[in-house]
Amino acid sequence: MRKYLFSLLFGTLFSIPVLACLNGEQMVLANQELLYVDFDGEVPYGHQIGSKEELEEFLLKLKKGYNKTKEIDYLSDEGYILILLGRYQEAIDLYKKIESLEPGRYSTASNIGTAYELTGNNKEALKWIETALKIEPHSHLKSEWIHINILKAKIRGVISVSSIDLIGKDFGNEKTPQSTLSKDDLQLLKMQIYYQLNERMTFVKPKNTIVAQLLFDLGNIALLMNQKYDAEKSYLQAIEYGFENSILDERLKLSSQTLAKNGKQISHNMKESVENNRIGLSFFALSLILFFKFRKKIFSLFK
């Protein structure tokens, strides 16, 4: 009976059609435990982390690991877990301690910048993210310039952000997106936006104008490259995050692989697709939580 239940869990976890599979980027903690594995592909969903209880368990193990080894990586990972738990000031204080022990670490500057941004202190966040970029300009697929643009827009108090504000490019107001960028440049920009969104969507939930705009831009690039599946998913996520523009309706029609082509009202289908996407992601997240919760028992079945 137990084997049947675990088989069912595995089948559920890895056969949901509306989502990509879990073999994308992963994070292995200092104690060699796996914190998350991202969805494969180039559509961002945020890092798929476990429950609060699991994060607290990771935190205890990392504390024990640091007390035993005195390796800074344990402290750094502990700070990241604190951010995931929403304990931003604790994370900031810990990273300041790390900076005093071992100055100039990229992970310190990057993560403390994120923590400050999540507290609403965008000026301090900008200082640390700019420092991180100087330490390691090639990190995050050289995409931190987008993070810097986001922070600058926030500091200026921009209410309605544009593509120019965030990525310095615009894809026009025509029915189809327009660009003079080469295919290689488009792909690079797509991956840079993807990376920034995948990080941001771990912490920022709908609705959010910055995430919505970047998702719209991500969809535009995918459509320009004839990657219609990616374009449709990104456009639908942009709607979920609050993007409102009639141009999106037209471009979603061009990218859609699921909407009817017989003239049915597009707005109804858009809402239905967004809801299906949300339900599918929620169901997958539940399956993932169950997998992590019972992973020790699952793996014991194969011994």
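The table that follows gives values for the structure above.
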item	result
Euclidean distance between Cα centres, the stretch 183-239 to the stretch 95-121, Å	27 Å
Accessible area (Å², per residue) of the stretch 156-198, counting only protein heavy atoms and a probe of 1.4 Å	55 Å²
Spin-label model distance (nm) - Asp93 vs Ser139, 7 Å beyond Cα toward Cβ	2.4 nm
Per residue convex hull volume, Cα atoms of the stretch 27-124, in Å³	112 Å³
Global form of the stretch 147-193, assessed from the alpha-carbon gyration tensor, a/c cut-off 1.5	oblate
Cα gyration tensor shape for the stretch 185-252, rounded if a/c is under 1.5, else prolate or oblate	oblate
Protection proxy ranking of 68-76, 212-220 - average other beta-carbon atoms within 10 Å, highest first	212-220, 68-76
Prolate/oblate/rounded call for the stretch 92-231, Cα gyration tensor, a/c under 1.5 rounded	prolate
Spin-label model distance (nm) - Ile164 vs Tyr106, 7 Å beyond Cα toward Cβ	3.3 nm
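The values are calculated or read from the model by the stated rules, or taken from the named source; none is laboratory data. This is a predicted model, so every value here is computed, not measured. Neighbour counts are summed over all protein chains in view; Cβ atoms, including those assigned to glycine, are modelled from backbone coordinates with ideal geometry. The area values use the complete protein model at the heavy-atom level, side chains included, leaving out ligands, DNA and RNA. Shrake-Rupley method; radii C 1.70, N 1.55, O 1.52, S 1.80 Å.
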